[in-house]
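FYI, it's all coordinate maths here, none of it is from the lab. Everything numeric here is computed off the predicted structure, so don't read it as measured data. When we count neighbours, we look across all protein chains shown, and the Cβ atoms used for this are built from the backbone with ideal geometry, even at glycine.
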Protein chains: 4
Amino acid sequence: MTLTYTRKVNFYETDAQGIVHHSNYPRYFEECRGFYLENIGLPYHILRDEYNVDVVLLELNIRYMNPLRFGDKFKIEFRLDSIDSYFFSFKYEIYTDKKIAEGFTKHCCVNSQTKRVIKVPKVLKDKMELRDVGRDS
Amino acid sequence: MTLTYTRKVNFYETDAQGIVHHSNYPRYFEECRGFYLENIGLPYHILRDEYNVDVVLLELNIRYMNPLRFGDKFKIEFRLDSIDSYFFSFKYEIYTDKKIAEGFTKHCCVNSQTKRVIKVPKVLKDKMELRDVGRDS
Amino acid sequence: MTLTYTRKVNFYETDAQGIVHHSNYPRYFEECRGFYLENIGLPYHILRDEYNVDVVLLELNIRYMNPLRFGDKFKIEFRLDSIDSYFFSFKYEIYTDKKIAEGFTKHCCVNSQTKRVIKVPKVLKDKMELRDVGRDS
Amino acid sequence: MTLTYTRKVNFYETDAQGIVHHSNYPRYFEECRGFYLENIGLPYHILRDEYNVDVVLLELNIRYMNPLRFGDKFKIEFRLDSIDSYFFSFKYEIYTDKKIAEGFTKHCCVNSQTKRVIKVPKVLKDKMELRDVGRDS
């Protein structure tokens, strides 16, 4: 299932080229994942505070196609791309009236005290798999 | 005693006005305090990891006089401005060939577990007071 | 007239103390001013692109009272505090269920090409003064 | 030729997991490229101001292997990976006493006024090719 997250550019996200600095895109993707976790009923702060689980980033890929400028409103269409016992990944596409960028992130979970890698907790995995994993909606 | 911290502007610190975004100045000041703590022999990560002490910001004032641009090298002259049982403050002046900004920050310490305000730990206060507190060097 | 801007904490805005890093507050205030300019019908990107006007920060004061944590939703109540031919200022108060911080910013305008200080453009000043300047609503 | 860029973690680069937030790695890579351009005798602000050239990011890949923590000193070993008429790319490896991450970025140049893609300017390409392109030193 594809979710759509909408956002506008903050001035402080621009750089001296007059466009959004590329280091903000991983932050936008993180906002998407926060939106996703809320959407499946397990907000990230609950996952952290009540289940002692931190989500860790293992891999990040971004292709930048067109710049975002101050004043732009954009949407990010994203979806869970894969999930197994230990890993899950997301794909993202950013659009204004044209395609801005596409991205991919891969994650695992760690115990927030020990920082050891753990299996994706059942409470999280079940909620994620209720969605149409990896199939375009 | 006045310390001098030197730095150059990173491109990602600029904004679409072509200057360093103002939200980076508190970060520069934080770098100064890190440099200060190293300089008095008690690096902040030691203070946090071995003494369980977090330094908290209570007050921040900045006057912006001239912009910093990409390519600029600048120096920050700063010094401990005051210290008592619970509070301490710093003053900062940023220069290139002209004066860029001046700032002030006020702090206290908290126990990093309980987050409760504590007295400035003796180990820290002693080292800070060894310096010529609040007098221009 | 007091405006209210609501927001939640992004994970990337937190630091290793487990709270929102203080350098994000000036960014929240900037978001407020963007919201204000939209609210008076002159969005900042219009002011920049059509009127060639950049708004510059001259002074920033923040008092930090309580930390913001990941998962927090907060509101910023803010209002234009003063305006004259060259300068204008805003006051801000951040709340969750308790008071988090209060702030003050002072600004002027510059020509975005020459970067020279200019009077607050009439189109902007008129719209700002239509509001109940400096009086609590 | 491999260059080595050294750096320490700033506190404001950490997040509530107690590690450097992943969005800082692209910023570290940008610092490396700035260091590279200085090293070949064509600092980025000169390239921008005198040659009217902006370097744009087209692609970013990062594999995160181990976290960076506050207090860590790290080095980034990086090198130009490829260059042709329009594109060039870099590879990066971050180390403390263990491997932290590896990354890849691909770039092109644009005219900083028109924002149109241009060939890699001869002045830049010549200096880059003087190095041992794509071969480990």
Quick one: what do you get for chain B if you divide its Cα Rg by 2.2 N^0.38 Å? 1.09
Output ³J(HN,Hα) for the range B:6-19: one whole-Hz value per residue in order, computed from phi by the Karplus curve 6.51 cos²θ - 1.76 cosθ + 1.60 with θ = phi - 60°, and x for Gly and Pro. 10, 6, 10, 6, 8, 4, 5, 8, 7, 10, 5, 7, x, 10
Taking chain B as the reference, fit the longest principal axis to its C-alpha atoms, fit the long axis of helix B:25-39 to the helix C-alpha atoms, and give the angle between the two in degrees, 0 to 90, nearest 10. 50 degrees
Shielding by partners, peptide A:23-30 (average Cβ within 10 angstrom, other chains): 6
Of the residues B:PHE11, B:PHE88, B:PHE35, which exhibits the maximal mean-square fluctuation in a Gaussian network model of chain B defined by a 10 Å Cα contact cut-off? B:PHE11
For chain C, what is the mean residue ellipticity at 222 nm derived from helices alone (per DSSP H run of n ≥ 4: -39500 (n - 2.57); sum divided by total residues; nearest 500 deg cm²/dmol)? -6000 deg cm²/dmol
Taking amide H positions as placed in the peptide plane 1.01 Å from N, state which residues far from B:THR14 in sequence (5 or more) or on other chains have amide H under 5 Å from it. A:ALA16, B:HIS21
Evaluate peptide D:53-62: per residue, the Cβ atoms of other protein chains within 10 Å of its Cβ; return the mean as an integer. 5
With charges set only on the Cβ (+1 for Lys and Arg, -1 for Asp and Glu), what does the dipole of the range D:3-129 come to about its Cα centre, in debye to the nearest 20? 80 debye
Of A:LEU68, A:LEU80, A:LEU60, the most mobile residue in a GNM of chain A (C-alpha springs, cutoff 10 Å) is A:LEU60
Looking only at C:THR114, C:THR105, C:THR96, which one moves most when chain C is put into a Gaussian network model with springs between Cα atoms under 10 Å? C:THR114
Ranked C:LYS99, D:LYS98, B:LYS125, criterion: other C-beta atoms within 10 Å, fewest first: D:LYS98, C:LYS99, B:LYS125
Please give the charge dipole size of the protein assembly as shown, origin at the Cα centre, charges +1 on K and R Cβ atoms and -1 on D and E Cβ atoms. Round to the nearest 20 debye. 0 debye
Phi to ³J(HN,Hα) by Karplus 6.51 cos²θ - 1.76 cosθ + 1.60 over the range B:55-63, Hz, x for Gly, Pro: 9, 10, 8, 9, 8, 9, 10, 9, 10
Would you mind calculating the relative contact order of the range B:3-129 from Cα pairs under 8 angstrom and at least 6 residues apart, reporting the percent as a whole number? 27 percent
Mind listing the long-range amide H neighbours of C:ARG7? Cut-off is under 5 Å, sequence gap 5 or more, other chains count too, H placed in the peptide plane at 1.01 Å from N. C:PHE74
How would the protein assembly as shown be classified by its alpha-carbon gyration tensor: rounded, prolate or oblate, with rounded meaning a/c under 1.5 and the a/b versus b/c comparison settling the rest? rounded
With Cβ to Cβ distances under 15 Å as the rule, what net charge do the other residues near A:GLU50 carry (K, R +1; D, E -1)? +1
Cross-link partners among lysines for B:LYS115, C-alpha distance below 18 Å, same-chain residues fewer than 8 apart left out? B:LYS106, C:LYS98, C:LYS99
Would you mind calculating the relative contact order of the range B:1-76 from Cα pairs under 8 angstrom and at least 6 residues apart, reporting the percent as a whole number? 57 percent
The range A:73-83 - phi-based ³J(HN,Hα) in whole Hz, Karplus 6.51/-1.76/1.60, Gly and Pro as x: 9, 9, 10, 10, 9, 8, 7, 4, 9, 7, 8
